[in-house]
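Only one structure is covered here, and it is reproduced in the block below.
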Amino acid sequence: MNIKSLDVATQCIQAGFYPENGEPRVAPIIQSTTYKYNDADEVGKLFDLEVAGHMYSRLSNPTCAVLEEKISVLEGGVGAVATSSGQSAVMFSIINIASVGDHFIAMSNLYGGTLNLFKVTLKKMGIDCSFVNPDASLEEMKQHVKPNTKAIFGETIGNPSLGVLDFEKVSKLAKYASVPLIIDNTFATPYLCRPFEHGADIVVHSTTKYIDGHATSVGGILVDSGKFNWANGKFPDFTTPDNSYHGLVYCDAFKESAYITKARVTLLRDIGCTMSPFNAWLTNLGAETLAVRMDRHCENALALAKFLQNHPKVSWVNYPALETNPSYELSKKYLPKGASGIVAFGVKGGVQAGKNVINNLKVASLVVHLGDLRTHLLHPASMTHRQLSEEDQILAGLSPDLIRLSVGIENINDLINDLDQALNHA
Ligand SMILES: *Cc1c(COP(=O)(O)O)cnc(C)c1O
């Protein structure tokens, strides 16, 4: 069986774990920090990265490896590293290639946690980020490129403004700057969009959301396409000896897997942020049903968006697959199977009316989460994005009356009836 030749829906179920005769059909949880070896020289070779193998679960673990292999196959990559959260995957994606004195460019419509990481914490580490409006022209974007620019960062579907990324434009920007395009593909998942097919070089996910899909486990993953040329002169860490591994040179030793191997053997080694085997096991279990869940999320979200559009208490609705949406063309191009499960809308009467709606829901609930099988709402301006200034909220595409709906996979009529009765309390 060549897993790469199968459809993504089959890969969700079959990829990552290939048991031999008599072995368990379901990937087991290897809840062990350590691995036994018989020969002292063999362990030395593991430390020197001369041979592959598990040595300590901060660096790798067989259960985490199942999830890593599955997501790598789903994205069409050469390898992946699971992390303890989406935030650590995003951080790793940057600090694997940028350090003090470096710069990168990010779209301005990112997840609130990522905005804080880029604006505050990475800045304190000496890594500077320029934010660009994703609707700006390529020429405008090019003006932000500097000699020390090391990456371009965007989200497939922006959060919470729900703009679909123009991959063609930003991949041209990355090519122009000779740097990798890093995509946070959390909202779309590899079932709806595979960014490597549209010019991305690195993909990150918060697996906490749709990939787990059941709201059981915080986690993240970093995936390498293997396509970027790290020996282009801009990334000396990949072409000069690493003294912490006896002078190993990543591009020479690991070829197209240089980026993902470096992330594992330096960032997981030195910083940690490792996913636990139990979380990897639960996340992999969730990922098995990703394809069927995403179809239902998309179908329910489109139906709810259309219902909201016609509701007298609703002032506006934002869902990329609505024909009236500014992202409709991009959504057709990059998300042909559906535009995922997140819908944003405003209630007539502003913030207080919106709170009345949230407080009167019976099926949908108020939780700070998205992308699991239950329907949730929240009010980003007073919750997930409250640490941003009002100006930055507007820049992130966030209006004060915006309610973010994460549409689950419940029966659509129950969801519509619930929203309808709650809207009547607005
Ligand atoms: C939630 C989220 C993150 C952060 O992931 P955690 O698993 O919560 O750390 C990053 N990017 C996007 C788009 C997200 O939705």
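State whether the residues of the range 319-331 include one that is small (Gly, Ala, Ser) and either over 18 Å from SER161 (Cβ atoms) or assigned by TED's automatic domain parsing to the domain that holds PRO160 (or both).
No.
Listed by first and then second residue, the pairs linking a residue in the range 402-426 that is closer than 15 Å to VAL314 by Cα to a residue that is among the aromatic types (Phe, Trp, Tyr), with Cβ atoms under 8 Å apart and 6 or more places separating them unless they lie on different chains, are LEU402/PHE345; ILE403/PHE345; LEU405/PHE345; ILE416/PHE307; LEU419/PHE307; ASP420/PHE307. I'm trying to understand the selection: among the residues of the range 122-148, which are within 24 Å of the chain's Cα centre (by Cα), among the charged types (D, E, K, R) and assigned to a loop (DSSP other than H, G, I, E, B)? Scanning the range 122-148 gives a single hit, ASP135. Of the set (1) over 27 Å from SER171 (Cα atoms); (2) touching a Phe, Trp or Tyr at 6+ places or on another chain (Cβ under 7 Å), all apply to CYS251 but (1). Only one entry in GLY101, GLY86 is within 15 Å of the ligand (Cβ to nearest atom) and touching a Gly at 6+ places or on another chain (Cβ under 9 Å), namely GLY86.
From the list PHE238, PHE153, the lone residue that is more than 30 Å from LYS337 (Cβ to Cβ), in contact with a helix residue (DSSP H, G or I) (Cβ under 8 Å, 6 or more places away or on another chain) and surrounded by 21 or more Cβ atoms within 10 Å (Cβ to Cβ) is PHE238.
Tell me, yes or no, whether the range 264-275 has at least one residue that is more than 30 Å from ALA422 (Cα to Cα), among the acidic types (Asp, Glu), at pLDDT 95 or above and not in a helix (DSSP H, G or I). Let's see the steps before the verdict.
The first filter runs over the range 264-275 and keeps only residues more than 30 Å from ALA422 (Cα to Cα), leaving 264-275.
Keeping just the survivors that are among the acidic types (Asp, Glu) gives 270.
Now drop any that are not at pLDDT 95 or above, which leaves 270.
Restricting the remaining residues to those that are not in a helix (DSSP H, G or I) gives none.
So far as the range 264-275 goes, no, none of its residues is more than 30 Å from ALA422 (Cα to Cα), among the acidic types (Asp, Glu), at pLDDT 95 or above and not in a helix (DSSP H, G or I).
Going residue by residue through the range 170-178, is there one that turns out to be within 16 Å of the ligand (Cβ to nearest atom), open to solvent by 10 Å² or more (accessible area, probe 1.4 Å) and either at pLDDT below 95 or not assigned by TED's automatic domain parsing to the domain that holds ARG404 (or both)? No, the conditions are met nowhere in the range 170-178.
To keep it simple, each residue is scored yes or no on (1) surrounded by fewer than 18 Cβ atoms within 10 Å (Cβ to Cβ); (2) more than 16 Å from the ligand (Cβ to nearest atom); (3) within 29 Å of ASP135 (Cα to Cα).
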site: SER331; (1), (2), (3): no, yes, yes
site: ALA339; (1), (2), (3): no, no, yes
site: PHE345; (1), (2), (3): no, yes, yes
site: GLY354; (1), (2), (3): no, yes, yes
site: VAL357; (1), (2), (3): no, yes, no
site: LEU370; (1), (2), (3): no, no, yes
site: THR375; (1), (2), (3): no, yes, no
site: LEU378; (1), (2), (3): no, no, yes
site: THR384; (1), (2), (3): no, no, yes
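If you check VAL145 against the conditions, is it within 16 Å of the ligand (Cβ to nearest atom) and touching a helix residue (DSSP H, G or I) at 6+ places or on another chain (Cβ under 7 Å)? Taking the combined requirement at face value, the residue does not satisfy it.
Please tell me if THR208 is under 22 Å from GLY341 (Cα atoms), touching a residue at least 12 places away in the same chain (Cβ under 8 Å) and open to solvent by less than 10 Å² (accessible area, probe 1.4 Å). Give the steps one after another, and end with the answer.
Values: under 22 Å from GLY341 (Cα atoms): yes; touching a residue at least 12 places away in the same chain (Cβ under 8 Å): yes; open to solvent by less than 10 Å² (accessible area, probe 1.4 Å): no.
Considered against the rule, which asks whether it is under 22 Å from GLY341 (Cα atoms), touching a residue at least 12 places away in the same chain (Cβ under 8 Å) and open to solvent by less than 10 Å² (accessible area, probe 1.4 Å), THR208 comes out as no.
Give the residues of the range 192-210 that are of a type in the set (Val, Ile, Thr) and within 13 Å of the ligand (Cβ to nearest atom), sorted by residue number. Break it down into steps so the answer makes sense when it comes.
Taking the range 192-210 as the starting set, the residues that turn out to be of a type in the set (Val, Ile, Thr) are 202-204, 207-208.
Once the filter is applied, which keeps residues that are of a type in the set (Val, Ile, Thr) and within 13 Å of the ligand (Cβ to nearest atom), the range 192-210 yields VAL203, VAL204, THR207, THR208.
Residues satisfying the criterion are present in the range 124-145 (criterion: without any contact (Cβ under 8 Å) to a residue 12 or more places away in the chain, open to solvent by less than 40 Å² (accessible area, probe 1.4 Å) and under 26 Å from ASN318 (Cβ atoms)).
The values are calculated or read from the model by the stated rules, or taken from the named source; none is laboratory data. Computed from a predicted structure; not experimentally measured. So basically every Cβ, Gly included, is an ideal-geometry build from the backbone, and we count neighbours across all protein chains shown. Heavy atoms of the whole protein, side chains included, go into the accessibility calculation; ligands, DNA and RNA do not. Shrake-Rupley method; radii C 1.70, N 1.55, O 1.52, S 1.80 Å.
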